Structures are given as C-alpha cells and as structure tokens.
Amino acid sequence: MIGTTDDSPQRFPGLRGVLAKAAAPMAAALATLCLLLGPGCSGGGGGGAPQSGPVLFAAAYTGSNPSPQSGDTVLLFFSTDVQLAGGAVLSDADFTLSGSDSFGTISSVSNNGSRSIAIVVGSGVSLTPGSTTIALSMDNDVIQDTSGRAAEMSDAVTLGTSDGSNPTLSNITIAEIDGELNGTGAAGGILQVPQNGWSIDLTFSDNGTIAAASTFIAASMPVSTPSGSQGAGTNLTPFLTLGATTATTASFTVPSTVSFPAGDFTLTCIVVDTSGLASSPLTFTARARQFPEGLRPFETNVNASQVWYLDFARDVESFNVVTSPTHEVQVVEGANSVADFVDILRVIGLATASPVAQNSCTGDVNDKTQDRFKTELLAALTVLFPGANVTFTTTQPAGTFTASSVGYSSFPYSQISIAGSATSPGTLGIAIFDPSNTTQDDNTQVDFGGTRLGVFLHTIADAGLQGPGASLFRQTFDDLAPSRGGTPIGADANDCQRIDDALNDGRATTIDNAIADFARFTAIVIAHECGHSMGLVENGAMPIGLYGNDTTNFGGSSDGHIRNTSLFPTGATNVMSPTLTYSATIDPASMFNTLNLAYLREQIFYGN
C-alpha cells in the first residue's frame, strides 16, 4: 500500500537563519508531504500611562412609555466596575446632556450589576430616546471606580429604549483564528502579533441588532493613535477600522496609524445593541512585538510580494502503465523530450501523444488543455491564499538560482517543479523548510542531497488508477485514462470545441470536471509545499511556533505539520496536514487553518 509511512521533514538545528542557509544551503531542512490511502503515510510588557477611570459607553431607558416619566429607570453602562461615592448626590450637574434635557429630580440611584448604574428619574424629567445624548461632565463626583477614581469625561452616547434583553458577547479572537489555535485552547501559548495590521473579531448574539460602531474595545496598555497616546482602559473603537459585520459577528482592524506597545496586553470588549443595552465584558490576551525583517515572511523593501514560479519543464523519466494485475504506473528512468508533467497528463487522459484532427479548432488541443489546466490551477491557488502577499506565475521571472536558497531580498522569486515521480514512493511533494521565509528557495532540484524536490503527480496517478472503481479518482478519470479504457482528451475530434466551451455535452462535462479537479488537487499540494518554504509549520506553541508536531492536542500531526480534524467538516482537511487523500484535496472546504492563514497574511508571527 502506498503512503503507509510518514516521512518526517529532515531538520538541521542551527541552520535556520538566512546567514546559515546562505553559507550552507545544502543543509536546509526538508518537509515531506505524503499521499494517504490508509491509516497513515510514508516579551514582557512595558509600563505606560495609568489606567483610565470608568468610561460611559451606552445608555438605555427601560420603561413602557414612549419617553421616561417620573419613576422610570435609565441604565448607564461603563467600561469598568463602578460604585457610587458615599454621601454624594447625583444630579444633572454630573452630566452633559443635549439641549435642555434633564433627568429631573433623581429619586434614587443604585448599582445594576458591577458595570452599570440604574437611575430612577423624578419630576421634571425631559429625555427623548433616540435623540437625547448623555456624557459625564467634569463635575462628576458620584460615579467612580472601585478605587474611588471618578468616571471619565467621554464622548456622548445616545439614549436608547431597552428591548429587555442584553446582548451576549461569546467570543473574542484575533485575525479570525479559531480558539484551538489562538492561545485559549488546550494547546496553550499566546498569539504574537505585530504592533498593528491585525483584526479583532467578535462573535455575539442578541434578540435585536448589535450597534457595531458602539462596541467598546480597550487595551490594558496605552496605545498610540493619531490623537496621541490613549491610556489603558480607553475606548479604542474610534481609532479602529470597522470591517465586515453580520448579525452575529463584527471585525475591527488595527490600522497602521495605531500602534500597540511591545509586550503582553489584554483586550476588553463589550458590545451594545441598538436599544442601548450592553453585554458583559469579555477579555483576550495577546502579545505585541516589533516586526523585524528577519521574522517578517514577506518584507516589501525590495520585493513587492512573494512570487512563486511554477516550473512544469522537468524531464527525467517517462511512464508505462502495466494494466495487469493492478494498473501500476511504472517509472522509466531517462528523459524522453517530453515534460514529466505532460507524461502524467497522458497517463490520466488529460492529453494524448497523437491527437486526431480536430473540428473547428484554432491551435493545438493539447496546448489548449494545458493552458486551461494552468489557468484553473492559478485560480485555485488564489482561492487558497486570500489576503496573503503571495502570487503564483507560470512565466519564469528574470534571474537564475545560483544556490538552493538565497537571501530573500537578493532575488525576485522562489520556484517549484510540478513533475513526475518522487525519490520515495508515496510522496506527493518535498520542499525546503524555510522558517519565517528568510530566503528565496529553489524547489526544482532533482538532487538536493540525494532527494528530489517538487510536486510529484506520479504518486496520485499511480495510486488513483489502482484504486477501487467507486473512488472519486476513478469516477473522474476512468472515461479519459487509456489504461482504464477511456478516451483521452484529443482522441475525439470534437474535444477542442469542448475545451473552448463551444460544445456542451456529457463528455464536455467529464473533461471540465477532470481538469478542474486535477487543478484543485495540484493547487493544494503546491500550497502545502510552498507553505513549507514560506515558514509553515514551525513546531511548538505560539509564539515559538505554529503548533507543528503537537500530537497531544492535534492528533495526526507530525514534525513541521499540523492536522486539525475538529476545525474542518468531514472530508476536508488543513492544507498543512502531513498526509492528504485525493478526495480531501478536492473538497472545497480544505484550506489553510486559520492560524496558518493569519501567518501568511502577516497578522501573526512566530519567533523571538
């Protein structure tokens, strides 16, 4: 059975930095991906401004009348725990109210939970929900925090009409990272983020609608903004960029004009609904750090982005399918003047050596099929790298590698071969492991210390054609693969029209599905291998690594890989799993896990 052993990456401790790699490129680490057909396969925070006093951020009227009447209650919500100063009397003088609005003669005031007070208004009350605005004045001497510090003057909030149900804030994370991977799960660790450029993502529920712009977000450390340093506990929402919102989620990005200080910090978040009611607070702790070029995967001082050249030209072998008894795809050593990639296309029926004359066709049917495959491959890779500063091309950029790895800023691209067979059976791909992407890497080498680098399509062709008839691979390719009695693309006179979408029949659907699926499969393997050469997946918990090789918390993981079964629907998988099945790669839900993707987006990073 192919792929029953898991080949771990070859690691060479101490040769991980750019200087070591430049001096001894052959000692770079390798990361291996295998085809799975069975059970397995071959610091500190820095001081700053003092904590600010409580801040008023929401207000709601709770009565049944259209506007408050004498004896009705108004609730005020604050950013921290509050108390009422003994002996002091609350009145309009403690507030700045819009126009001639007034609480009237306040009958009573009391705590309504640790962060809220309830004011029973009296005669002379004049407040209009939806119109009246309320702020604390500089004369406030009643509302204070539990240490006796007066609540702060703040922006005015608009009085709402309570809908009777406070919203619930159920989750905070950074960069949309799942709880298992963000430091709050059993695997531990703490997210390490740049000083800006990442998102704060909230999940909530309510019987009405959340007023996302009224969200309260504060940090336990002073934060630099265009309006100066904001003390710990200050509402940062006005300085953040509100992004996508739904009925249950909202996202706020820390823009480049805002900077968190280096060190550990705790976010405190509270959501407010459109009726003026606030949730209980929820907190999340992370670590900010300067983002030096040595730890930044895609620094842009020289290269605008990480460019990957996909090289299809390797020609070191050919293939022969032995149909009895197993349809084994045998490797025949030696170049045959045909790219190994094309040889594999012929094996599975996506090309033919001698196409028949085509009806109404401009151009060669094999070339057109390959062009379509490459177009769909690039499109699939774009889907896998949303928001990442990474591009892929099938056109070789200028420059020739002089070593297996060169300094990141000294060369414009990395490259990888899309080819035939691997050095070790059952291997889908092998690439240089490059922590933090400090170099541009050449994964086209056929003898990297005795190991062939690249993506190996022979592995899936061999396993797929020998698989059961009910398998997804056989169902997709049997009508095309010659060894299975299929008619390969180019062997039917109307195939060029089908490739051009000028003829839509059952065979056209077969061809469309085969090209799309094989492009998607190849894209997943490329993403996995290029992921290794861009720094995925460093072992250890954040901020040391990205939880690679944590077999206790992420079963099925291995050195330089992580499997996250619980984070994906049945049939799908993390791109950086140590083993893959054909069906998993085709599943549209298979992608990078949220931590890997956040790393590729440079929203988090590892290393000290």
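Across region 55-82, what is the total count of residues that are open to solvent by 60 Å² or more (accessible area, probe 1.4 Å) and assigned to a strand (DSSP E or B)?
0
Condition first: aromatic (F, W, Y) and within 20 Å of F312 (Cα to Cα). Can you find one or more residues in region 402-412 that meet it?
no
Say whether the condition of being open to solvent by 30 Å² or more (accessible area, probe 1.4 Å) and under 26 Å from the mean Cα position of the chain (by Cα) is met by at least one residue in region 206-217.
Yes; the residues of region 206-217 include at least one that is open to solvent by 30 Å² or more (accessible area, probe 1.4 Å) and under 26 Å from the mean Cα position of the chain (by Cα).
If we scan region 298-310, do we find a residue that is touching a Pro at 6+ places or on another chain (Cβ under 7 Å), open to solvent by less than 30 Å² (accessible area, probe 1.4 Å) and hydroxyl-bearing (S, T, Y)?
Yes, some residue in region 298-310 is touching a Pro at 6+ places or on another chain (Cβ under 7 Å), open to solvent by less than 30 Å² (accessible area, probe 1.4 Å) and hydroxyl-bearing (S, T, Y).
Just wondering, is there one or more residues in region 150-162 that are loosely packed, with under 15 Cβ neighbours inside 10 Å and of a type in the set (S, T, N, Q)?
Within region 150-162 (the criterion being loosely packed, with under 15 Cβ neighbours inside 10 Å and of a type in the set (S, T, N, Q)), the answer is no, since none of the residues qualifies.
Among the residues in region 559-571, are any out of contact with any Pro (no Cβ under 8 Å at 6 or more places or on another chain), of a type in the set (G, A, S) and within 30 Å of Q195 (Cβ to Cβ)?
no
Of these, A523, A584, A508, which one is surrounded by fewer than 19 Cβ atoms within 10 Å (Cβ to Cβ) and either of a type outside the set (V, I, T) or under 15 Å from the mean Cα position of the chain (by Cα) (or both)?
One residue alone meets the criteria, A508.
Residue pairs, Cβ under 8 Å, 6 or more apart or interchain, first in region 546-566 and on the phi > 0 side of the Ramachandran plot, second open to solvent by 50 Å² or more (accessible area, probe 1.4 Å) and modelled with pLDDT under 95. List them.
G556/T565; G560/S8; G560/R11
Taking region 337-364 only, how many residues are of a type in the set (S, T, N, Q), open to solvent by 60 Å² or more (accessible area, probe 1.4 Å) and over 18 Å from L503 (Cα atoms)?
Going through region 337-364 one residue at a time, the tally reaches 2.
Residue by residue, here is whether (1) surrounded by 14 or more Cβ atoms within 10 Å (Cβ to Cβ); (2) farther than 18 Å from V455 by Cβ holds:
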position: N366; (1), (2): yes, yes
position: A380; (1), (2): yes, no
position: T402; (1), (2): no, yes
position: F411; (1), (2): yes, yes
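Test T326 against the stated conditions and say whether it is open to solvent by 30 Å² or more (accessible area, probe 1.4 Å), touching a Phe, Trp or Tyr at 6+ places or on another chain (Cβ under 9 Å) and of a type in the set (V, I, T).
no
Residues being under 30 Å from V74 (Cβ atoms) and either charged (D, E, K, R) or open to solvent by 50 Å² or more (accessible area, probe 1.4 Å) (or both): count how many of those fall in region 253-280.
Adding up the residues that qualify gives 3.
What do you reckon, is G531 touching a strand residue (DSSP E or B) at 6+ places or on another chain (Cβ under 8 Å) and within 21 Å of V193 (Cα to Cα)?
The answer is no for G531.
With respect to the numbered conditions (1) under 17 Å from the mean Cα position of the chain (by Cα); (2) surrounded by 20 or more Cβ atoms within 10 Å (Cβ to Cβ); (3) part of a loop (DSSP other than H, G, I, E, B), which one is the sole condition not fulfilled by A589?
Evaluating A589 over (1) under 17 Å from the mean Cα position of the chain (by Cα); (2) surrounded by 20 or more Cβ atoms within 10 Å (Cβ to Cβ); (3) part of a loop (DSSP other than H, G, I, E, B) leaves (2) as the failure.
Checking S436 against (1) buried (at least 19 other Cβ atoms within 10 Å of the Cβ); (2) more than 20 Å from the chain's Cα centre (by Cα); (3) among the hydroxyl-bearing types (S, T, Y), which test does it fail?
S436 satisfies all of (1) buried (at least 19 other Cβ atoms within 10 Å of the Cβ); (2) more than 20 Å from the chain's Cα centre (by Cα); (3) among the hydroxyl-bearing types (S, T, Y) except (2).
Kindly check whether there is at least one residue in region 574-581 that is modelled with pLDDT of 95 or more, more than 14 Å from C34 (Cα to Cα) and in contact with a Ser or Thr (Cβ under 6 Å, 6 or more places away or on another chain).
The answer is no, given that none of the residues of region 574-581 is modelled with pLDDT of 95 or more, more than 14 Å from C34 (Cα to Cα) and in contact with a Ser or Thr (Cβ under 6 Å, 6 or more places away or on another chain).
Could you list, in sequence order, the residues of region 83-94 that are at pLDDT 90 or above and either buried (at least 22 other Cβ atoms within 10 Å of the Cβ) or part of a loop (DSSP other than H, G, I, E, B) (or both)?
A85, V89, L90, S91
The values are calculated or read from the model by the stated rules, or taken from the named source; none is laboratory data. From a predicted model like this one, the values you see are computed outputs, not experimental measurements. Please note: Cβ atoms are built from the backbone with ideal geometry, for glycine as well, and neighbour counts cover all protein chains shown. With ligands, DNA and RNA removed, areas are computed over all heavy atoms of the protein, side chains included. Shrake-Rupley method; radii C 1.70, N 1.55, O 1.52, S 1.80 Å.
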